[in-house]
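Colleague: Have a look at this one.
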Amino acid sequence: DRQTLVAVLQFLRRSNLRESEEILRREARLLGDDLGGNVATVATSSPGVAAVAAVPPGKGEARGDCGVGPSSRREPREVGSSCAARSLRGSPLCWDTRVVGGAVVVEDQPDVSAVLSAYNQQGDPTLYEEYYSGLKHFIECSLDCHRAELSQLFYPLFVHMYLELVYNQHESEAKSFFERFHGDQECYYQDDLRVLSSLTKKEHMKGNETMLDFRTSKFVLRISRDSYQLLKRHLQEKQNNQIWNIVQEHLYIDIFDGMPRSKQQIDAMVGSLAGEAKREANKAKVFFGLLKEPEFDVPLDDEDEEGENEEGKPKKKKPKKDNVGSKSKKQDPNAPPQNRIPLPELKDSDKLDKVMNMKEAARRVRLGPECLPSICFYTFLNAYQGLTAVDITDDSSMIVGGFADSTVRVWSVTPKKLRSVKTAADLSLIDKESDDVLERIMDEKTASELKILYGHSGPVYGTSFSPDRNYLLSCSEDGTVRLWSLQTFTCLVGYKGHNYPVWDTQFSPYGYYFVSGGHDRVARLWATDHYQPLRIFAGHLADVTCTRFHPNSNYIATGSADRTIRLWDVLNGNCVRIFTGHKGPIHSLAFSPNGRFLATGATDGRVLLWDIGHGLMVGELKGHTDTVYALRFSRDGEILASGSMDNTVRLWDAVKAFEDLETDDFTTATGHINLPENSQDLLLGTYMTKSTPVIHLHFTRRNLLLAAGAYSSQ
């Protein structure tokens, strides 16, 4: 309206922003206005007032029709990852941009939005329903190719219009608006709408974090330029400023040049609390390759050679072992520098373990569609204490359960019993020079199959063995993470940093570091010898429900109840990837052994596959009918196993899922992902339990699949 325009023009004049004033005048056709005649175009140079981005000649001309009033905003055409376009869409109040002397004026002073915030709330509350139904009618009557894209506007506009009505205390209008339109929203927003329906007064909004986030973080929509122009023209013709203000103020419209996306393509990517990820969020370089393994010789035991002779094929396995040793000697071009983050030195016992690992690997079964793994299921019977977490050591010798009665229970799954170290008095009597000193320090009197660890004061939600099997982590509802010694079966440290329940914790594949995530919406990186966290990863809009280290330990993936997965750089704490597409809280994460891919599972029963390097979704595995709580790749990455609350373990062909990926520049730039219609041809097998939800999966070093869960009698 004219009053707003005059206010803005006067403000621009006072702030000496002549160029912006001139541009706005031309847009609003107010050239001969009483504010003064023509204004000379002057490039501003005061700090923080206008960002000026150079545009290559010929590439920066702005296109589009001239509109009326503040609802006309034009985008510069994107040039690569054009900072001009990004800042333009990011700031709540931007008018048309023009190339002036080879530069684009991009950002207005932040105070402008403060000046105008008074006008923002002044829409007639009785017209909100009319505005919304008018837009709904327009979108439903538009061409199919635009309808799918523009339909993304329904949900964020619905929420913001409802919140605006509640905020301005038009309670009856808000109630009527909600009842009329909440049924039109996509089914995956039902949980959010339930929260929203309980906010009926302005006071309710203050304490509700989810809604505060919704108001403060911009909802991201990815729309093609054609669809955006169509929407803009419609809102201008209808003089529908109320909706346009919300679009400007609360939505971030990520515009791309090219074909609009189909309904399937959009459905695959949307569903998170704050819309899709901005394309810029997934542009940073990620070193997803594996670190070079330290080189050491693999001695061949006599018994190994004898065993091979007996089988009548003496020399078969030797070259294979050398291959295992030499496989990782070549530096992976995508690997981070070896010293990018400090990693612990290998101890002699670690080297010994690596040698054992290589020997086991030589006997590993090569899996594939024709050769599926055997599955061994550990069922926890009579677990009335409520089994809440499981982990299995890398060498598959021990299994741990975290329980709702706050205990942590460790079992030995080999004939070797669990023993504690002798008391100090007894240790002083031992001959330290003897060869079997490591055996002698163990107290045979303490040998048992099961050890129970007491210390937490609430349900234990996550457990993790250290790679060297000397330590065990557990995290709990009591807000602490505890480190236990598996030599003495006592608690060594309680790490206090989270103020609320901690949902998951995991050791780094190299030990020493570990990560935890909880109800306070952040993940924390710790080192075992520090009381305080080394890094705090903040950005999720809801609980961090699961955490995983990348195989090279330089990155951490976190899954959240905000329905997104984020990848964080351990070195600097930056978020380098945001993956959206799940329709429910994330409960499982698994990196492929080569570090290139990530598999994620959620309450929506879908398993999604992501290409980390390109930041793209590359697969969707449908089949589970309930939350996917466990995901694990086989040791060589040929098979992905998923376990769910629907009492099944499913095996998927990972090689086929990741081959011939179309990751051309266009797909990467616009997110036009093409997922196969049917994931059933990737499903290699489904294995039911009688009545046991699967909460953990683990491939042994020889590729036997271990699964675990507690029998439920319902």
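The values are calculated or read from the model by the stated rules, or taken from the named source; none is laboratory data. As the structure is a prediction and not an experimental result, all values here were calculated from the model. Here the Cβ is made from the backbone with ideal geometry for all residues, glycine too, and neighbour counts use every protein chain on show. Side chains included, ligands, DNA and RNA excluded: accessible areas come from the protein's heavy atoms. Shrake-Rupley method; radii C 1.70, N 1.55, O 1.52, S 1.80 Å.
Colleague: Provide the gained length on full extension for the span Y454 to L571, in nm with one decimal, where the gain is 0.36 nm per separating residue minus the Cα-Cα distance.
Modeller: So the chain would gain 38.7 nm between Y454 and L571.
Colleague: Whole-Hz ³J(HN,Hα) for each residue in the stretch 260-266, computed from phi via Karplus 6.51 cos²θ - 1.76 cosθ + 1.60 with θ = phi - 60°, x for glycine and proline: what do you get?
Modeller: After applying 6.51 cos²θ - 1.76 cosθ + 1.60, I find x, 7, 7, 4, 4, 5, 6 Hz.
Colleague: Kindly provide the chymotrypsin sites (Phe, Trp or Tyr not before Pro) of the stretch 394-501 that DSSP labels as loop, not H, G, I, E or B, and whose Cβ sees at most 13 other Cβ atoms within 10 Å.
Modeller: Answer by residue number: Y454.
Colleague: Under the 0.36 nm per residue contour assumption, what length would be gained going from the current alpha-carbon distance of Q10 and D124 to full extension?
Modeller: Gain on extension, Q10 to D124, equals 38.4 nm.
Colleague: If you stretched the chain out fully between Q239 and Y167, how much longer would it get, using 0.36 nm times the residue separation minus the C-alpha to C-alpha distance?
Modeller: So the chain would gain 23.6 nm between Q239 and Y167.
Colleague: Check each of the trypsin sites (Lys or Arg not before Pro) in the stretch 237-272 and keep only those in coil by DSSP with at most 15 other C-beta atoms within 10 angstrom; list them in order.
Modeller: Answer by residue number: K238.
Colleague: Oh, and also: Hey, rough spin-label estimate for R702 and A284, points 7 angstrom out along Cα→Cβ, what's it come to in nanometres?
Modeller: Modelled inter-label distance: 4.3 nm.
Colleague: Among K136/K622; K136/K218; K422/K451, which pairs are too far apart, with a Cα-Cα distance over 25 Å?
Modeller: K136/K622
Colleague: Oh, and also: Taking the Cβ of M269 as the centre, find all other residues whose Cβ is under 10 Å away and add up their charges (Lys, Arg: +1; Asp, Glu: -1).
Modeller: Counting the neighbours of M269, the net charge comes to 0.
Colleague: Taking a 30 Å limit on the Cα-Cα distance, which of the listed pairs K202/K263; K283/K354; K354/K496; K347/K417; K292/K496 fall beyond it?
Modeller: Flagged as over cut-off: K202/K263; K283/K354; K354/K496; K292/K496.
Colleague: OK, next. What's the center-to-center distance, using Cα atoms, between the stretch 199-267 and the stretch 636-654 in Å?
Modeller: 37
Colleague: Set the Förster radius R0 to 45 Å, insert the Cβ-Cβ distance between W411 and L675 as r into 1/(1 + (r/R0)^6), and round the FRET efficiency to 0.05.
Modeller: 0.65
Colleague: Got a sec to turn the phi values of the stretch 126-142 into Karplus ³J(HN,Hα) couplings, 6.51 cos²θ - 1.76 cosθ + 1.60 with θ = phi - 60°, whole Hz, x for Gly and Pro?
Modeller: 6, 8, 4, 4, 5, 4, 5, 5, x, 5, 4, 4, 4, 5, 5, 9, 7
Colleague: At what distance in nm do the modelled label points of T200 and C187 sit from each other, each positioned 7 Å from its Cα along Cα→Cβ?
Modeller: In this crude spin-label approximation the distance works out to 2.8 nm.
Colleague: Set the Förster radius R0 to 51 Å, insert the Cβ-Cβ distance between Q3 and N499 as r into 1/(1 + (r/R0)^6), and round the FRET efficiency to 0.05.
Modeller: That pair, Q3 with N499, gives E of 0.60.
Colleague: Around V522, which amide H atoms from residues at least 5 apart in sequence, or from another chain, sit under 5 Å from its own amide H, with H modelled in the peptide plane?
Modeller: V544
Colleague: Given q = 0.15, 0.16, 0.18 Å⁻¹, what are the Debye log10 I(q)/I(0) values for the stretch 124-270, with equal point scatterers placed on the Cα positions and solvent ignored?
Modeller: -0.77, -0.88, -1.11
Colleague: To the nearest 0.05, what FRET efficiency results for K175 and R29 with a Förster distance of 35 Å applied to their C-beta separation?
Modeller: E between K175 and R29, to the nearest 0.05, is 0.30.
Colleague: Another one. Give the relative contact order (percent, whole number) for the stretch 124-270; include only Cα pairs under 8 Å separated by 6+ residues.
Modeller: Rounded, it is 31 percent for the stretch 124-270.
Colleague: Moving on to the next point. If you plug each phi of the stretch 501-513 into the Karplus form 6.51 cos²θ - 1.76 cosθ + 1.60 with θ = phi - 60°, what whole-Hz ³J(HN,Hα) values come out, in order, with x for Gly and Pro?
Modeller: Listing the rounded values in order: x, 9, 8, 7, 8, 7, 6, 5, x, 9, x, 6, 8 Hz.
Colleague: Follow-up. Given a 1.4 Å probe and every protein chain left where it sits, what share in percent of the accessible area of the stretch 422-494 is carbon and sulfur?
Modeller: Its accessible area is 53 percent carbon and sulfur atoms.
Colleague: With a point put 7 Å past each Cα toward its Cβ, work out how far D436 is from T686 in nm, to one decimal.
Modeller: Going by the 7 Å Cα→Cβ label model, 5.3 nm.
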